[in-house]
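Only one structure is covered here, and it is reproduced in the block below.
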Amino acid sequence: MNAARAAARRLPLAAIGGVALVVLMACLPLLNISIPGVLPTPTYQPGALALLSLAMIFAALALTYNMLLGTSGMLSFGHALYFGAGAYGLGIALENLGVPLFPGVFIALVGGLIIALVTGVVAMRVSGIPFAMVTLAFAQAGSVLVRRNSAVTGGEEGLSLNTEGVPDWLVGVADTRNLYWATLLVLVIVYLVALWVDRSRLGHLARATRENELRVRVLGLEPNRARLIVFVIAAVCASLVGVAYMLLQSGTVPRAVSADLTITVLVIVVLGGVGFRWGAIVGGVIYTLLDQRLTVLANSDVIESLPSVLRIPLSEPLFILGTLFILVVMFLPGGIAGTVDSRLRRWRAGRAGADQVDGSAVERLEDADAEPAREEARS
Amino acid sequence: MTAAVPPALRVEGLGLQIGGATILQDVDLDVPAGSLVGVIGPNGAGKTTLFNTISGVVRPTAGRILMDGRDITGTSIPARARAGLGRTFQTSSNFPRLSVLENVRMAAQATTGGSYSLLRFPGRGDDATRAAIESLEAVGLADKAHLAAGDISHGDKRKLEIATLLATDASLILLDEPMAGVGSGDVAGLVERIRDLHRTKGCTVLMVEHHLEVLMGLVDRVAVMVSGSIIAFDTPETIMADPRVQAAYLGSAA
Amino acid sequence: MSTLVLVLLTGIGLGALYFLVASGLSLIYGLMHVLNFAHGAFLTFGAFIGWEVARRLDSTSWWAFAVSILVGGLVGAGVAALTELALIRPLYERHIEQVLVTVGLAFAAVALYEGIWGSDPIYISAPAWMKETTSVLGASVPNTYWVLMLAATALLISLVVFLRYTRFGTIIRAGVENRAMVTALGIDVRTAFLLVFAIGGSAAGVGGVLAAHYTGYVSAHLGSTLLIFAFIVTVIGGLGSLPGAAIASVLVAVLQQFANYYMGGTGDIIVVVALAGVLLVRPSGLLGRRFA
Amino acid sequence: MSAVLEVVGLSGSIAGQQVVEDVSFTVPDRGITAVLGRNGVGKTSTLRSIMGLIDRRGEVTLAGERIDGLRTHRIVQRGVGYVPEDREVFSRLTVAENLQLAVRQKKPNWELVDSLFPDLVARRSQMAGTLSGGQQQMVSLARALVNDNRILLVDEPTKGLAPLIVEQVAAALAEAATTVPILLVEQNLEVVRQLAGDAVVLSGGRVVHTGSASAMLADDELTHRLLGVGVAPATGGAR
């Protein structure tokens, strides 16, 4: 068996698998599948669809965050700002400008773009941990703006979606199915954008910048320019996810711009495995399901009957998630995807050793496009 | 005189002081276009710092640097690179988690343009990929193209540095101890690669090297640095016979 | 005139509170290059425990106040030291992971506080004098601000004395420059790490008790809000620079109070704008060295 | 003469890259032993491996006691003085603070330090960063000499120094060597000739030659082949 040809076969296989998964997801509302303990209702009912939609929102948001942390090595604590810009942007456009849905979406995305450009340029004056602190400050300013200007944003109460401009098929509980499909579409779009960025010259440059900034400069390239472009793309994608969230929830609360949300997304990406697109998706789904199930658990009789030393921590889902996150960082450095990936590589290497491969140099060169071993890949 | 063709690199009165310590002092150097020049001197003489000031990593506190007659003293590292300056580092520094091919392609991509493009995809038919493969074949690294650059041997990392330079269109190249840490068996091969690099690209090369014997057969001229200054700049034969060089190298204590 | 004085003095008082939080952050970052996200959680813990202690005594008495400050400082130091030993030390030199575990800790701690003390603010009582005002140049300055200023000044002076005149202080200053060389002189630099965490934690714990008196209540989110301002202050002052943090604390807080008073409550936003301005002009901060 | 330090099969790596490869040698319990070799062959890394400053494998025995599993500060506490390449003084600490920080014993050798480096006596309260390179080197040496050690590891003490200062440093080392054995990495062959009894030559991360330093340096051909530094003998000149 030839390694290069095997690689060539692997790629369409992954693509076919991905398409099949998307088709399956698209068919779920038409099927009657029950997964007790995971989904609250069978898949054709609104309860399960709403939960799955939320999971896809988090998966998509995690994908956009992975562009920052995974592809470009930027640790941002302010990503929620752009998500919130999408959600609030759409809400405000529909409420105050009275435009129909799609122009409203456009306005929300442009708003996200402008905010990302302005804050990105400033934040990129520093890098590393100072960058994280500065992005956090910007998100905090956004959060304060949202909470203060209650006339426009609804303040602490949040902003509910003005459904006048929204087509009927996207409104109300009965149409959860359509919203589910819309969310799936957004997830697919964000995935394709992430894939596109990773495969482009820009994406390669971003990865190189992550690895060795000085060398990028010595080659005549500007690391910050590459970073800024990726940053803005990720931000606009986050705005798109925010738009979907606004539609799905028929409203938004200030938490959508808070540091809490950014940290939630960070938790998802680290849990899933930094640098892996599928890791971000798996992380988003696991997080949402876990969060939901833990909330159910927290209110269950079993927990109520425990002594307070156990009851109090166990009745706080965020406490359990925070603890889980610490454990992952300390004991599972690659996250879920990173661990699976290195196991898989070791297994493959073992098999390749068994039947020695020897393609021509050029064939192997072409195979070299696959990302090299990331044994020591740690955020 | 040679006023018609400006030197590829001209360093005038270069000085660097850090916290009261003098690292470089009044360094003057004219490197004619197309020449291959060696820089020798004991450890701590300021050779690497000289390279760092030329490539823009460190700002000098006095003096000017001119490339092809243009003053580049105040420009950024990337701007100097785009003007045709390429360099390697003393300790190999690559993109450790990218493949060998991707490492070289990053250099080729910087030259062919579109590095920030979302519309160009590095792949088989891509011009940057092809240039990278050619460069890797030229240094004999083609069969390791798919390995992560952080995992290859030290000698291979040195070859990778040369391949990276081959893939650019640099006209002035600074090599900082290209032989450091390379086993004696590989030195001859590496010398050949440097000669190739110089010949095929027709560029100007300035290299720091301790291995005087290596320089003898390779370079046109040798600059000797001691304590932050250049004390001699001449043909290898003359330099070898210079007692000041002997003293500088073997130490003048007692 | 009297408003100007009032705004200025309350600004300095708020700056004092910022400094109580930022000093620990800055010390820890300077020595260990760890951004301690859990610093706010230390602060909140100090505030809760301080309140629990005070209410069991006579929370309107001075000695209960003094005991709550002392206890706040002690538990802050204890929790911080435990954090260093259990979470930071095993991830030695892996800075991003170190930041991430402190993020997880902050996340979990806030949830735990909500579980124990509920999510609503708990209003606290204090010695009567603290609720009164003192008149300075016509301005009636709430007495809490004087306590804050006193505490921050005491902290600054004791930190400076500690760093300059004790062996541990010398070790910390040397470690900021070159940790490897400190160990190569036969000194276990990890002791200094533990100490810096404990000092930062105790400053945060004391800050927590005082912050509760400043706002009038304790809540699980008390620390998170202050932490963000502390971040801004440390970036503006220059990461790792203690004097930078002190100067920036006062500048930022005074600016914030002025904007709040004269520009219609825009203080929080103005502070972020100031941060942006400082970054554009001087990315390393007022007193910072250039960071990599 | 017995050995104070024994190194067997020592390997060291930085960020996964092997920089010292299976190095074995012994250091006698008196005099100065020089570690020689071309630039980049791993002389500094060998010292750093012994000190535990980089990841290492292999056996290091100090006066009969294994120290290869210890953390750096424990190794120092066992009586290993280290003078790093590039001096590494704490530039924002005073000279006095630099020296005080290094003190590990009740009665530091202040008389010895003061007599070896009179320049530093008047500069105790000066910031070490404002000293000249030579004075910084003296601070760095003094930090090691202020304690009684079993051995000193000294890395390129004359690097980048003016000839007059080189002489002072060499004299201080010679004086120190009367009380403590020294493992010296040094590029200035004149200094080596003057000070060193034995020499260990590294190449490609391995030991390729051990023996008397003066005998080796007297043999131009051998010196040239092993070290590659300096000017080739006339017969072996340019092609």
Area hidden from solvent between A and B (accessible, protein heavy atoms only, 1.4 Å, total, Å²): 4200 Å²
Can you tell which of D:Thr158, D:Thr44, D:Thr179 shows the greatest fluctuation in a Gaussian network model of chain D with Cα springs below 10 Å? D:Thr179
Comparing C:Phe197, C:Phe168, C:Phe65 in a Gaussian network model of chain C (Cα, 10 Å), the one with the largest mean-square fluctuation is C:Phe168
Probe radius 1.4 Å, ligands and nucleic acids ignored: give me the carbon and sulfur share of the accessible area of the stretch B:96-169 as a rounded percent. 52 percent
In sequence order, what are the phi-derived ³J(HN,Hα) couplings for the stretch C:10-25 according to the Karplus relation 6.51 cos²θ - 1.76 cosθ + 1.60 with θ = phi - 60°, rounded to whole Hz, with x for glycine and proline? 5, x, 5, x, 5, x, 4, 5, 4, 5, 4, 7, 5, 4, x, 4
Note on the stretch A:215-233: residues buried by at least 10 Å² of accessible area once partner chains are added (vs chain on its own, 1.4 Å probe) come out as A:Arg215, A:Arg217, A:Val218, A:Leu219, A:Gly220, A:Leu221, A:Glu222, A:Arg225, A:Ile229, A:Ile233
In straight Cα distance, which lysines are under 22 Å from D:Lys43, not counting same-chain residues fewer than 8 positions off? B:Lys47, B:Lys157, D:Lys159
Under the Karplus relation with 6.51, -1.76 and 1.60 and θ = phi - 60°, whole-Hz ³J(HN,Hα) for the stretch A:189-205, x at Gly and Pro, equal 4, 4, 4, 5, 4, 4, 4, 4, 4, 4, 7, 7, 4, 4, x, 4, 5
Within a Gaussian network of chain D (alpha carbon springs, distance under 10 Å), most fluctuating of D:Leu53, D:Leu101, D:Leu116: D:Leu101
Rounded accessible area per residue of the stretch A:199-304, 1.4 Å, Å²: 29 Å²
Under a 1.4 Å probe, what is the accessible area of the stretch D:3-227 per residue, stated in Å²? 38 Å²
How many percent of DSSP beta bridges within the protein assembly as shown run antiparallel, rounded to 5? 60 percent
Judged on accessible area alone, 1.4 Å probe, highest first, A:Val19, B:Val57 line up as A:Val19, B:Val57
Leaving out ligands, DNA and RNA, and with a 1.4 Å probe, what % of the accessible surface on chain C is carbon or sulfur? 69 percent
Total Å² of accessible surface buried at the D-B contact, 1.4 Å probe, nearest 100? 2300 Å²
If each K or R counts +1 and each D or E counts -1, the residues other than B:Leu14 whose Cβ falls under 9 Å of its Cβ total -2
Quick one: net charge around B:Leu190, please, counting Lys, Arg +1 and Asp, Glu -1 for every other residue with C-beta under 12 Å from its C-beta. -2
With the convex hull built on the Cα atoms of the stretch B:96-169, state its orientation-averaged projected area in nm². 4.5 nm²
Where A meets C: accessible area buried, both sides, 1.4 Å probe, Å²: 3700 Å²
Heavy-atom accessible area per residue of the stretch B:96-169, all protein chains kept, 1.4 Å probe, expressed in Å², is 33 Å²
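How many Cβ atoms of partner chains, on average, are near each residue of B:168-178 if near means within 10 Å of its Cβ?
1
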Report, to the nearest 10°, how far helix B:154-166 tilts away from the longest principal axis of the Cα atoms in chain B, using its own Cα long axis and a range of 0 to 90°. 80 degrees
As an exercise, use a Förster radius of 25 Å and the Cβ-Cβ distance of D:Leu164 and B:Thr73 to find the FRET efficiency, rounded to the nearest 0.05. 0.15
Go through the stretch C:153-169 residue by residue and turn each phi into a ³J(HN,Hα) via Karplus (6.51, -1.76, 1.60, θ = phi - 60°); whole Hz please, and just put x for glycine and proline. 5, 4, 4, 4, 5, 5, 5, 4, 4, 4, 5, 8, 10, 10, 5, 4, x
Efficiency of FRET between C:Val136 and D:Val121 - r from beta-carbon atoms, R0 51 angstrom, step 0.05: 0.45
Shape descriptor, chain D: equivalent ellipsoid semi-axes (Cα gyration tensor, sqrt 5λ, whole Å, largest first) stand at 28, 22, 16
For the stretch B:83-105, which residues drop by 40 square angstrom or more in accessible area between the chain on its own and all protein chains together (1.4 Å probe)? B:Phe89, B:Phe95, B:Arg97, B:Leu98, B:Glu102
Shielding of A:313-319 by partner chains, average beta-carbon count, 10 Å: 5
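The values are calculated or read from the model by the stated rules, or taken from the named source; none is laboratory data. For clarity, every value in this text was computed on a predicted model and none was experimentally measured. Backbone-built Cβ (ideal geometry, glycine too); neighbour counts: all protein chains shown. Accessible surface areas use protein heavy atoms only, side chains included; no ligands, DNA or RNA. Shrake-Rupley method; radii C 1.70, N 1.55, O 1.52, S 1.80 Å.
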